[in-house]
């Protein structure tokens, strides 16, 4: 079964279950003589369902500096100076991709580049394209950090298997050589 059909069927089943619960939350109290209570309960469930559904789509607009600081701190990256959020995007529910871009100060950029270059995991350059998760066991093993530079940017990649049945953690931090920016990417699949 391919992914779009599975997603459609899954969402359709969820819609039927939620509709059934809302209908029963109205119908059962109505049959017991509490029509007003049934309307209130079903109304609350309808509003809750709408809020939950909409929150998935407005999540990108509820991303703040504190969220960026938290994500970066998980990679042991600390910004000393003030910064600006330039972009934040997240896509997906099962296969999830989150990316944000920050405008940082020149001093933060220099310090972070120095930290990447002096790391014990640093490689001066990568000759050919590779995908860090494809070089690791998906479920077991130690976490792996790889710091390197390309012609365009400095990168720090982090991969950590989280055990059998759990999605591994894969994050990429990029610092473009030509701009005072930092780009954070998290890929969950």
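The values are calculated or read from the model by the stated rules, or taken from the named source; none is laboratory data. All of these numbers come straight from a predicted model, not from anything done at the bench. Backbone-built Cβ (ideal geometry, glycine too); neighbour counts: all protein chains shown.
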Discussion item. With the requirement that a residue be without any contact (Cβ under 8 Å) to a residue 40 or more places away in the chain and part of a helix (DSSP H, G or I), what does the range 65-107 give you?
Written reply: 65, 66, 67, 69, 70, 73, 107
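Report whether or not residue 33 is out of contact with any helix residue (DSSP H, G or I) (no Cβ under 7 Å at 6 or more places or on another chain), outside the structural domain of residue 168 (by TED's automatic domain parsing), farther than 27 Å from residue 149 by Cβ and outside any helix (DSSP H, G or I).
Values: out of contact with any helix residue (DSSP H, G or I) (no Cβ under 7 Å at 6 or more places or on another chain): yes; outside the structural domain of residue 168 (by TED's automatic domain parsing): yes; farther than 27 Å from residue 149 by Cβ: yes; outside any helix (DSSP H, G or I): yes.
Yes.
This table checks each residue for (1) in the same structural domain as residue 124 (by TED's automatic domain parsing); (2) part of a loop (DSSP other than H, G, I, E, B); (3) out of contact with any helix residue (DSSP H, G or I) (no Cβ under 7 Å at 6 or more places or on another chain); (4) over 22 Å from residue 91 (Cα atoms).
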residue	(1), (2), (3), (4)
146	yes, no, no, yes
151	yes, yes, yes, yes
158	yes, no, yes, no
163	yes, yes, yes, yes
167	yes, yes, yes, no
171	yes, no, yes, no
174	yes, no, yes, no
179	yes, yes, yes, yes
183	yes, no, yes, no
Worksheet entry | Filter result for residue 9 (touching a helix residue (DSSP H, G or I) at 6+ places or on another chain (Cβ under 8 Å) and surrounded by 11 or more Cβ atoms within 10 Å (Cβ to Cβ)) | no
Worksheet, complete the sentence: Scanning the range 86-102 residue by residue, the ones that are surrounded by fewer than 16 Cβ atoms within 10 Å (Cβ to Cβ) and within 11 Å of residue 182 (Cβ to Cβ) total 1
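I'm trying to understand the selection: among the residues of the range 108-119, which are outside any helix (DSSP H, G or I) and touching a strand residue (DSSP E or B) at 6+ places or on another chain (Cβ under 6 Å)?
First, the residues of the range 108-119 that are outside any helix (DSSP H, G or I): 118-119.
If the condition is that a residue be outside any helix (DSSP H, G or I) and touching a strand residue (DSSP E or B) at 6+ places or on another chain (Cβ under 6 Å), then 119 is the only one that fits.
For every residue, the table says whether it meets (1) at pLDDT below 80; (2) at negative phi.
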| site | (1), (2) |
| --- | --- |
| 68 | no, yes |
| 82 | no, yes |
| 85 | no, yes |
| 93 | yes, yes |
| 107 | no, yes |
| 113 | no, yes |
| 117 | no, yes |
| 153 | no, yes |
| 163 | yes, no |
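Does residue 62 meet the test of being without any contact (Cβ under 8 Å) to a residue 40 or more places away in the chain and farther than 13 Å from residue 100 by Cα? If you could, list the steps in order and put the result at the bottom.
On the way: without any contact (Cβ under 8 Å) to a residue 40 or more places away in the chain: yes; farther than 13 Å from residue 100 by Cα: no.
Criteria not met by residue 62.
Can you name the residue in the range 120-144 that is outside any helix (DSSP H, G or I) and under 20 Å from the mean Cα position of the chain (by Cα) and is also modelled with the lowest pLDDT among such residues?
At the first step, the residues of the range 120-144 found to be outside any helix (DSSP H, G or I) are 120-131, 136-144.
With under 20 Å from the mean Cα position of the chain (by Cα) added as a condition, the list becomes 131, 138-139, 143-144.
On the way: 131: 55, 138: 64, 139: 70, 143: 78, 144: 80.
Restricting to residues being outside any helix (DSSP H, G or I) and under 20 Å from the mean Cα position of the chain (by Cα), the top hit is 131.
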Worksheet item: Consider residue 47 against the criteria (1) at pLDDT below 90; (2) outside the structural domain of residue 180 (by TED's automatic domain parsing); (3) exposed (fewer than 12 other Cβ atoms within 10 Å of the Cβ); (4) out of contact with any helix residue (DSSP H, G or I) (no Cβ under 9 Å at 6 or more places or on another chain): it satisfies all of them except one. Which criterion is unmet?
Response: (1)
